[in-house]
Amino acid sequence: MQLHIEKDQKEIKRHGNYEFPVHLSLEKIQSYEQASFPWHWHPEIELTWIMSGQIEYLVNDKKYLLKEGDGLFCNSNSLHSGYMKDGQDCNYLSLTFHPRFIYGYENSLLQTKYVDFITSNESWHSLGLESETDWHRDIIGQIRKIYHMSQTPPPDYELRVHLILAEIWQKLYSYYNSLPASEHHPQKHLARLKDILSFIQEHYAQELSLDEIAEHVNICKSECCRFFKKYMKMTIFDYILFLRVQNSLPLLREGESITKIASMTGFSTSAYYGQIFKRYMGCSPSKYRREHMGE
C-alpha cells in the first residue's frame with residue numbers, strides 16, 4: 001500500500017465528505033511499502049489510537065514512540081510520517097476530521113476564538129496522548145468510543161460523533177490556552193519546509209544539487225542542511241534517494257525495464273539504482289518486480 005501525494009506533499013485522499021467531513025480507518029504500518037508511510041499533510045485534524053504494537057511517528061520536528069494504548073493529536077496541515085519500529089507490527093485507528101466540523105461556518109466565533117487559535121499555531125503541531133495523564137486518557141477513551149460506535153452506528157451516529165469531537169476539542173483548547181503567552185505566536189518554519197519538499201518532489205528525477213535547493217528557498221547550504229535534518233530527521237540526499245525508490249515502485253509493478261526506471265527516477269546507472277533499492281527495500285528491483293507484478 002502507498003499514500004498518494006501531490007508535489008507539495010499534500011495527501012490525495014477524501015477524508016469523509018462535505019456533508020460529514022469525518023473519516024475512520026483501521027491501519028497497519030506493516031501494510032505500507034517499506035513498512036512506513038511518507039511525509040505528507042492534509043487540512044484535516046488527525047487523531048490516532050494505537051490498538052496493538054508500536055510505531056515511530058514523526059510530526060514536523062517532533063518524534064514519538066507510540067505504543068499500545070497511546071494516542072496522538074496531529075494538527076491541521078502538519079507534516080507527518082510513520083515507521084515500523086524494531087520490526088514490530090502496529091495496528092492503529094486513524095480518525096480524521098475537518099476543522100469546520102467543529103466550528104460550523106466561516107468566521108464564526110467558534111472558528112476565530114477556539115479553532116483557529118490552535119490550527120494557526122505551527123508550534124502546536126502535535127501532542128502525544130498518554131494513558132498516565134487523566135485528560136489524555138479521557139481523549140483516548142473518546143476516540144475508542146467513536147470507533148466502537150462506528151461498528152454498529154446508532155440512528156444519531158453523526159450527532160454523537162460531533163458531540164464527542166467537540167468535547168475533545170474543548171480539552172485541547174483548555175490545555176493550549178493554559179500555556180504561557182509566549183507560546184501562542186505562530187511560527188513560519190512549516191512553509192519553508194513544504195517549499196523544500198515541493199521543489200524536491202518536482203525535480204527528484206533530475207540531477208539535483210544542494211546549491212539549487214538552498215537557492216530555491218533563499219538560504220545558505222549549511223542552514224538548508226541543518227534546517228532539513230532538524231525537521232525531517234534525515235539528510236536532504238537520504239530523503240531524495242528514499243523518494244526516488246518510492247516513486248520507482250509503481251513502475252516496477254507495471255513491468256518497465258530496470259534500466260529505464262533508473263533513468264526515469266533520477267539514478268545515474270541501473271547498478272546504482274539496484275544498490276540503493278536493496279538498501280531501502282531489502283531485495284533487488286527484479287525480485288520486487290517478480291513478486292508484485294500486476295498489483
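The values are calculated or read from the model by the stated rules, or taken from the named source; none is laboratory data. Model, not experiment: these values are computed from the prediction. Don't worry about glycine lacking a Cβ; one is built from the backbone with ideal geometry, like all the others, and counts go over all protein chains shown.
From the list 238, 211, the lone residue that is in a helix (DSSP H, G or I), without any contact (Cβ under 8 Å) to a residue 24 or more places away in the chain and in contact with a helix residue (DSSP H, G or I) (Cβ under 8 Å, 6 or more places away or on another chain) is 211. Just to be sure, is residue 30 farther than 18 Å from residue 101 by Cα and either among the acidic types (Asp, Glu) or in a helix (DSSP H, G or I) (or both)? It is true that residue 30 is farther than 18 Å from residue 101 by Cα and either among the acidic types (Asp, Glu) or in a helix (DSSP H, G or I) (or both). Annotation: residue 202 fulfils all but one of (1) under 22 Å from residue 273 (Cα atoms); (2) assigned by TED's automatic domain parsing to the domain that holds residue 75; the unmet one is (2).
Conditions (1) hydroxyl-bearing (Ser, Thr, Tyr); (2) within 11 Å of the chain's Cα centre (by Cα); (3) modelled with pLDDT of 95 or more, marked per residue:
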| residue | (1), (2), (3) |
| --- | --- |
| 3 | no, yes, no |
| 9 | no, yes, no |
| 13 | no, no, no |
| 20 | no, no, no |
| 34 | no, no, no |
| 49 | no, no, yes |
| 56 | no, no, no |
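Looking only at residues of segment 130-168 that are in contact (Cβ under 8 Å) with a residue 40 or more places away in the chain and farther than 18 Å from residue 24 by Cα, we find that the one that is surrounded by the most Cβ atoms within 10 Å (Cβ to Cβ) is 136. Filtered by the rule that a residue be surrounded by fewer than 18 Cβ atoms within 10 Å (Cβ to Cβ) and in a helix (DSSP H, G or I), segment 252-275 gives 253, 259, 260, 263, 264, 270, 271, 272, 274, 275. For segment 34-56, a residue qualifies if it is surrounded by 19 or more Cβ atoms within 10 Å (Cβ to Cβ) and assigned to a loop (DSSP other than H, G, I, E, B), and the qualifying residues are 42, 44. Taking the criterion of being more than 14 Å from residue 173 (Cα to Cα), touching a residue at least 60 places away in the same chain (Cβ under 8 Å) and of a type outside the set (Asp, Glu), the residues of segment 104-129 that qualify are 123, 128.
Quick check, is residue 81 at pLDDT below 90 and either outside any strand (DSSP E or B) or farther than 22 Å from residue 138 by Cβ (or both)? Judged against the criteria, residue 81 is a match. Can residue 222 be described as surrounded by fewer than 18 Cβ atoms within 10 Å (Cβ to Cβ), out of contact with any strand residue (DSSP E or B) (no Cβ under 7 Å at 6 or more places or on another chain) and either within 24 Å of residue 122 (Cβ to Cβ) or not assigned by TED's automatic domain parsing to the domain that holds residue 287 (or both)? The answer is yes for residue 222.
Within segment 258-281, none of the residues are without any contact (Cβ under 8 Å) to a residue 60 or more places away in the chain and either in the same structural domain as residue 32 (by TED's automatic domain parsing) or under 25 Å from residue 59 (Cβ atoms) (or both).
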